[in-house]
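Heads up, the thing below is written out as structure tokens.
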Amino acid sequence: MSDNAELNVPEIGVGMLGYAFMGRAHSNALRSLPFAISPPPAIPRLVAVSGRDEVALKSMARRYGYERTYTDWRDLVADEDVQLLDNGGPNNLHAAPSIAAAEAGKHVFCEKPLARTAGEAHAMLEAVEKAGVKHGVAFNYRFVPAVRLARDLIRQGRLGRIYHFRAMYLQDWLMPHYNTPRLWRMDREQAGTGAIGDLAAHIVDLGRFLVGEIRGVSAMTRTFIDERPLPDGSGTGKVDVDDAFVAAIEFENGAIGSLEGTRLAAGRKNYELFEINGEKGSLRFNLERLNELQLYLVEEGQSETEGFRTIMVTESIHPWLKHWWPPGHIIGWEHTFIHELAHFLDCIANNRPVAPDGATFLDGYRAALVCDAIVESAQSRRQIELAYEDAGLQPTTQPR
């Protein structure tokens with residue numbers, strides 16, 4: 001506490017729900033944040049971690065420095081030292097703990113997708129708004145410096161009127177040769193959807209963040225492998241979520257776009273790509289080349305043979321890069337969580353708005369609506385027009 005007092009920043013008690021992939025990613029960021037961001041907006045105190053497996057919890061607590069563990073998330077929420085619930089649990093554990101934490105007056109930061117359905121997400125949105133707590137959704141790609149630079153260029157009018165947004169998110173971890181068992185991500189009851197919630201949620205949010213609200217969706221989905229081995233080796237289980245999706249979308253500002261995602265693209269590990277075309281130029285980003293942004297601006301007089309130029313987004317003038325290394329010394333995927341959680345802690349400590357830079361539960365709800373529309377369109381084989389049931393709340397993106 002004395003060191004924190006010298007920094008003149010508050011300490012915020014964090015309760016982490018989840019000890020697997022996202023729990024570790026968030027914990028790494030929370031541990032690294034006070035050393036990376038100087039001075040930090042607040043010092044995260046890792047109060048407790050919760051999950052079902054007591055052995056895994058103890059290991060997690062030792063590894064990251066959590067003070068205590070709980071096998072019931074209700075005990076985590078009830079802990080008086082927890083001021084912020086960081087919900088990194090599976091999708092079916094997003095709603096109830098987040099709502100309970102809000103009702104207990106705690107701030108809530110939740111992994112994406114916010115919920116399994118838009119209805120579930122709307123209930124979460126109502127709870128945090130009623131409680132008046134800070135709320136955020138872990139759309140961490142908003143905090144990639146190259147993505148933030150793209151957003152800034154668009155808002156400055158450098159691309160002019162936006163015509164097109166196309167995005168894809170491709171992975172290969174469900175390819176047959178891996179013999180991946182039927183995990184929770186392939187169970188509708190736990191996950192809600194498959195590639196849609198896992199991958200579409202990210203690129204839908206980027207579309208909203210960069211271009212504006214989505215008005216209409218026309219989509220197809222596929223489940224290519226509908227039986228997978230059970231984790232315990234006792235047989236096989238049915239896969240009742242999508243393996244892949246494609247969608248055509250229309251934005252409220254008249255731009256049109258396309259979304260594609262799959263977990264069956266051989267050779268693609270975490271390939272998230274988007275391209276935006278406007279009247280004055282275009283830009284392109286590939287997550288597997290996280291420190292680069294490709295840009296073509298007509299105003300710079302680039303000839304047809306020159307095409308795109310690549311910006312190495314590592315200069316101290318670029319978003320978030322002042323906290324890191326000299327130009328050309330690249331950062332990685334894990335740094336996006338440090339940026340994101342530093343922003344959220346700043347919003348708590350200094351009562352700043354989470355939006356528009358960060359994603360709120362309103363953003364999570366609206367992304368869930370688009371994801372639901374992809375499912376509905378694929379099932380009905382017709383275009384779906386979106387209706388946002390969030391009257392009185394201000395959107396964090398504006399049509400351009």
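General observations
- Residue, nearest to the chain's Cα centre (by Cα), within region 258-272, restricted to residues that are part of a strand (DSSP E or B) and more than 15 Å from CYS371 (Cα to Cα): GLU272
- The residue of region 118-171 that is nearest to ASP198 (Cα to Cα), among those that are in contact with a Phe, Trp or Tyr (Cβ under 6 Å, 6 or more places away or on another chain) and part of a strand (DSSP E or B), is LEU170.
- Of all residues in region 363-390, those satisfying the criterion of being of a type in the set (Gly, Ala, Ser) and over 22 Å from LEU210 (Cα atoms) are SER377, ALA378, SER380.
- Restricted to region 325-346, and to residues there that are among the aromatic types (Phe, Trp, Tyr) and surrounded by fewer than 18 Cβ atoms within 10 Å (Cβ to Cβ), the residue that is nearest to VAL14 (Cα to Cα) is TRP333.
- Verdict on ILE311 being surrounded by 17 or more Cβ atoms within 10 Å (Cβ to Cβ), out of contact with any Phe, Trp or Tyr (no Cβ under 6 Å at 6 or more places or on another chain) and not assigned by TED's automatic domain parsing to the domain that holds ARG151: no
- The set of residues in region 335-380 being in contact with a Ser or Thr (Cβ under 8 Å, 6 or more places away or on another chain) and charged (D, E, K, R) consists of ASP363, ASP372.
- Some residue of region 191-205 being within 17 Å of ALA255 (Cβ to Cβ), part of a helix (DSSP H, G or I), within 17 Å of the chain's Cα centre (by Cα) and of a type outside the set (Asp, Glu): yes
- All of ALA42, ALA104 fail the test of being crowded, with 22+ Cβ neighbours inside 10 Å, more than 22 Å from PHE21 (Cα to Cα) and among the aliphatic types (A, V, I, L, M), apart from ALA42.
- On the stretch given as region 110-147, residues that are closer than 24 Å to ILE338 by Cα and out of contact with any helix residue (DSSP H, G or I) (no Cβ under 7 Å at 6 or more places or on another chain) total 1.
- Among the residues of region 321-369, those identified as outside any helix (DSSP H, G or I), polar (S, T, N, Q) and touching a residue at least 24 places away in the same chain (Cβ under 8 Å) are ASN350, THR360.
The values are calculated or read from the model by the stated rules, or taken from the named source; none is laboratory data. Source: prediction; values computed, not measured. We place every Cβ from the backbone using ideal geometry, glycine too, and count neighbours over all the protein chains shown.
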